[in-house]
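Shown next, in structure tokens, is the structure this report addresses.
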Amino acid sequence: EIYSSDENELKFLYRRHRNIQSKFSFIHHTDPSDSSSTTSKGSINLTPTDQHRLFLADPAFILSFDIERFPDGGVVQIQNGFFAHFLSPEGLVKLPVHTVFVLDISGSMDELGKLINLKSAMKIILKSLKEEDSFEVFVFSTNVKSLGKYSGTRSDINRSISKINSLRAYGGTNINDALLDSVYSAKDYKLKQGVKQIVFLTDGNRTVGELDAFTIRKGVKEANTVRLPIYALAFGNDADMKFLRQMSGENRGFVRKIRSEGRPTDQLKDFYDEISTPLLTGLSVHYPEDQVQKESVVKPNQDSFYSGDEVN
């Protein structure tokens, strides 16, 4: 059961698992001893078949819920001199998005079926793009190569998938050049309106080119003058999570770990769903200077807002 002490009712309760059916129920009640207290309660009942019981331990099981929201500037919670501002507007039209995918095809991607899973995930991701979207695909091992720029039309998507399906794993891991080439290309791409972003995937550590993590991070940050978000994916256990977390964090992105043993194709698709539907860009939130110290705001540079996201 899920309890929410929020003032607003639970809007939906959602579970995602391909092997288990579930039922939902909602209760919204007020504590009679406290006139200001309301609690939303949702319950989920799982009804697996005998042959599916082993999936209960599968990490792919996801449970999500949300609350009713209102178009009034969000919710501000204040306590002990601190505040949190939650803003999640609805009813906005999706913006066009240009995504630069940067894919590791070094020799280690041949292990544990990682390249096969990557190809399957890219096929699903690219087929989900809208016609107003666009993308470029870089692949890297010892060297870096662009497979081309594409629109979101079916013919372009099919051409790109054909090229991705022909990829083979070989060589070392030239992370520095891959990051810099993708940043320069994304910066130069002309997009009248919308969001440009980079998705960087690697399964290993740096073995070719510049190897020092700080030097690479410094070069990427200096090259990324327009502050494009760089989202990093660490495929398996050998990737340098510390480096990827710092690099993506310095470039308005985040890092996700893709586990080789837990349906990696689904994990890759779930990740892309988080950033596939931008609704706002150029977002700027200002607070009264006589009431809020500017340097105390934790996320002052959150520039874009995505469907299902929350600005806070």
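The table for this structure:
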item	result
Qualifying residue in region 58-73 (condition: under 24 Å from the mean Cα position of the chain (by Cα) and either at pLDDT 90 or above or open to solvent by 80 Å² or more (accessible area, probe 1.4 Å) (or both))	yes
Unique residue being assigned by the TED database to the domain that holds residue 119, touching a Leu at 6+ places or on another chain (Cβ under 9 Å) and in contact (Cβ under 8 Å) with a residue 12 or more places away in the chain when the list is 194, 172, 204	194
Hits in region 230-247 (condition: closer than 20 Å to residue 98 by Cα and not aromatic (Phe, Trp, Tyr))	230, 232, 233
Residues located in region 207-246, provided they are within 15 Å of the chain's Cα centre (by Cα), farther than 20 Å from residue 118 by Cα and open to solvent by less than 40 Å² (accessible area, probe 1.4 Å)	228, 229
Subset of region 209-242 that is touching a residue at least 60 places away in the same chain (Cβ under 8 Å) and assigned to a loop (DSSP other than H, G, I, E, B) - its residue that is farthest from residue 265 (Cα to Cα)	227
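The values are calculated or read from the model by the stated rules, or taken from the named source; none is laboratory data. Only a predicted model underlies this, so the values are computations on that prediction, with no experimental measurement involved. Here the Cβ is made from the backbone with ideal geometry for all residues, glycine too, and neighbour counts use every protein chain on show. Heavy atoms of the whole protein, side chains included, go into the accessibility calculation; ligands, DNA and RNA do not. Shrake-Rupley method; radii C 1.70, N 1.55, O 1.52, S 1.80 Å.
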